[in-house]
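Structure, as structure tokens:
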Amino acid sequence: MTSPPRTESELLARAGALSGLTLSQIAETYRVTVPDNLLTRKGWVGELIERCLGADAGTRPEPDFRQLGIELKTLPLDRDGRVRESTFVCTASLINGPGTRWENSLVRRKLDTVLWIPVEADRERPLAGRRVGNPFLWRPSPAQWRILEQDWNSIMDLVLTGRLGEISANRGRYLQMRPKAASGRSLCEAIDADGNRIRTLPRGFYLRARFTSELLKQAYL
């Protein structure tokens, strides 16, 4: 088990050391078996990178590197270097309480500082042979924070007034909300328009692929 990094520089050095390696090379170092595909192991790549870099948050609602306040996100790229999909940020709270104000929301804490690690995700390339790219650290600019806050407030206003049905993946410029559960058997509590508690599918916040594509371009330019 890799110990958590003590400084931001140490974390960046560890991440940089993975650049250019294949997932099988990284997995071999930690005696981890590479699955044939990600159909039933969607989070495997992220879990492998977390293990290598010493992420210590586990399932806690905190940034992955707790002492540093840094979140880790892998960025799957197609053969042309384009971001393939939106990026999961965190599960959304659908009941009014702690974390349902922007200032103390988990989204804000998770996105305060993010270590992005691009990973090849070309479906025609075997998972074991996919390479890890150059990492980059991102802290939202004031302008980006404003839009993220606007998106979050727009979505949470509907959540907390019981209008979940009005939320679609089209809402939000950078941030969107989508169902998170793999099946209808996983339910959580929410409220309806009359303030009654109901059971519904869990939701998650995601960063749009076109937004993370811009972050990638800015980092490499």
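Nothing in this text is a laboratory measurement; each read-out follows from the coordinates by a stated rule. Everything numeric in this text was worked out from a predicted model, so none of it was measured. All Cβ positions, glycine included, derive from the backbone under ideal geometry; neighbour counts span all protein chains shown.
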*Kirkwood hydrodynamic radius (Cα pairs, Å) of the stretch 8-220?*
18.3
*asked:* Let's see if you can work this out: charge +1 on each Lys and Arg Cβ, -1 on each Asp and Glu Cβ, no other charges. What is the dipole magnitude of the chain about its Cα centre, in debye to the nearest 20?
replied: 220
*Return the whole-Å distance between the Cα centroid of the stretch 25-66 and the Cα centroid of the stretch 111-130.*
12
*Give me the distance in nm between label points sitting 7 Å out from Cα along the Cα-to-Cβ direction at A17 and L187, one decimal.*
4.8
*Counting helices only, and only those DSSP H runs with n ≥ 4, report the 222 nm mean residue ellipticity of the chain as the sum of -39,500 (n - 2.57) divided by its residues, in deg cm²/dmol to the nearest 500.*
-9000 deg cm²/dmol
*Compute the long axis of helix 8-18 from its Cα atoms, compare it with the longest principal axis of the Cα atoms of the chain, and write down the angle in degrees, 0 to 90, nearest 10.*
60
*Considering the dipole of the stretch 8-220 built from charges on the beta carbon (Lys and Arg +1, Asp and Glu -1) around the Cα centre, which of S19, T87, G58 is farthest to its positive end?*
T87
*Identify all lysines with a Cα-Cα distance to K42 below 18 Å; exclude those on the same chain that are fewer than 8 residues away in sequence.*
K73, K180
_With an 8 Å Cα cut-off and a minimum separation of 6 or more residues, compute the relative contact order for the chain in percent._
21
*How far, in degrees from 0 to 90, does helix 209-220 lean away from the longest principal axis of the Cα atoms of the chain, to the nearest 10?*
40
*asked:* Suppose a student asked you for the relative contact order of the stretch 119-221, using Cα pairs under 8 Å spaced at least 6 residues apart; what percent would you report?
replied: 20
*Note the angle between two axes, namely the Cα long axis of helix 142-160 and the longest principal axis of the Cα atoms of the chain, as a number of degrees from 0 to 90, rounded to the nearest 10.*
50
